[in-house]
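Chemist: Let me give you the structure first, and then I'll get to my questions.
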Amino acid sequence: AAGIPHGFSTRVGGVSPEPFDSLNLGLADAPGEPDTWERVQENWRRFMAAVGLQDRAPIRVRQVHGVGIRHADLDAGVPRADPPFADGDALVSADPGQALSVRVADCAPVLLADPRASLVAAVHAGWRGVAQGIVPATIRSMEQRGASAERMIVAVGACIGGNALQVGAEVAEAMRLANLSEAV
């Protein structure tokens, strides 16, 4: 309704063989991943077409489970061709020709947008990044470019839930120390 095309994928509809279960959008050359770049690129082409973004340049990061924010429309260090990927956990852009992307398994994908400021962000929100404040840091970064937290639209994609995941004491302690109720 806000004119911000976006999507969250599953593993259905791709060309990659097991163990990827078809729609592998990951790093084909990561250790232990025998998929090919050709299949991964075809999977991306299919996903982009399915969400209506086939005419946009996919911009991706290699997530580092931290608070690295890359401004895809301003940062010359964000590659425009695949591979390689830039390191970071959030992408921000005002360029309508770009399709920002983060990849997740159990972490949360978060989309932030301020249509009036023409800014969008894709955030990889894993527990380490959440504990370090990746989402509020991305909001502040967008505010520095004219966005307003009060106007932002937020979408959170599927992620693992508390009933499906046990965490160790270090995760619980990191979340307690993060004082998330005061993060924004």
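Chemist: In the stretch 32-65, what residues are touching a residue at least 60 places away in the same chain (Cβ under 8 Å) and surrounded by fewer than 18 Cβ atoms within 10 Å (Cβ to Cβ)?
Modeler: Initially, the stretch 32-65 is screened for residues touching a residue at least 60 places away in the same chain (Cβ under 8 Å), giving 61, 63, 65.
Hit for the stretch 32-65 is HIS65, nothing else.
Chemist: Within the stretch 107-124, can you find the residues that are within 15 Å of ILE160 (Cα to Cα) and open to solvent by less than 10 Å² (accessible area, probe 1.4 Å)? Give the steps one after another, and end with the answer.
Modeler: Step one: list which residues in the stretch 107-124 are within 15 Å of ILE160 (Cα to Cα), which gives 107-110, 124.
Hit for the stretch 107-124 is HIS124, nothing else.
Chemist: List pairs: first in the stretch 148-162 and of a type in the set (Lys, Arg), second modelled with pLDDT of 80 or more and not in a loop (DSSP other than H, G, I, E, B), Cβ under 8 Å, 6+ apart or cross-chain?
Modeler: Pairs that qualify, where the first residue is of a type in the set (Lys, Arg) and the partner is modelled with pLDDT of 80 or more and not in a loop (DSSP other than H, G, I, E, B), are ARG151/ASP114.
Chemist: Scan the stretch 132-139 and tell me whether some residue there is at negative phi, hydroxyl-bearing (Ser, Thr, Tyr) and either surrounded by 14 or more Cβ atoms within 10 Å (Cβ to Cβ) or not in a helix (DSSP H, G or I) (or both). First the steps, then the outcome.
Modeler: Going through the stretch 132-139, the residues at negative phi turn out to be 132, 134-139.
If we keep only those that are hydroxyl-bearing (Ser, Thr, Tyr) too, we end up with 138.
This time we only want the ones that are either surrounded by 14 or more Cβ atoms within 10 Å (Cβ to Cβ) or not in a helix (DSSP H, G or I) (or both), so: 138.
Yes, some residue in the stretch 132-139 is at negative phi, hydroxyl-bearing (Ser, Thr, Tyr) and either surrounded by 14 or more Cβ atoms within 10 Å (Cβ to Cβ) or not in a helix (DSSP H, G or I) (or both).
Chemist: Oh, and also: For the stretch 103-131: of the residues being in a loop (DSSP other than H, G, I, E, B) and modelled with pLDDT under 90, which is nearest to the chain's Cα centre (by Cα)?
Modeler: Filtering the stretch 103-131 down to residues in a loop (DSSP other than H, G, I, E, B) leaves 103-107, 115-118, 126.
Subset that is modelled with pLDDT under 90: 103-107, 126.
Working: ARG103: 5, VAL104: 7, ALA105: 11, ASP106: 12, CYS107: 10, GLY126: 10 Å.
Only one residue fits best here, namely ARG103.
Chemist: What residue, among those in the stretch 70-97 that are open to solvent by 50 Å² or more (accessible area, probe 1.4 Å) and part of a loop (DSSP other than H, G, I, E, B), is modelled with the lowest pLDDT?
Modeler: PRO83
The values are calculated or read from the model by the stated rules, or taken from the named source; none is laboratory data. Note that this is a predicted model, so its numbers are computed, not measured. Note: ideal-geometry Cβ built from the backbone for every residue, glycine included; neighbour counts use all protein chains shown. Note: accessible area is taken over every heavy atom of the protein model, side chains too, but ligands, DNA and RNA are not part of it. Shrake-Rupley method; radii C 1.70, N 1.55, O 1.52, S 1.80 Å.
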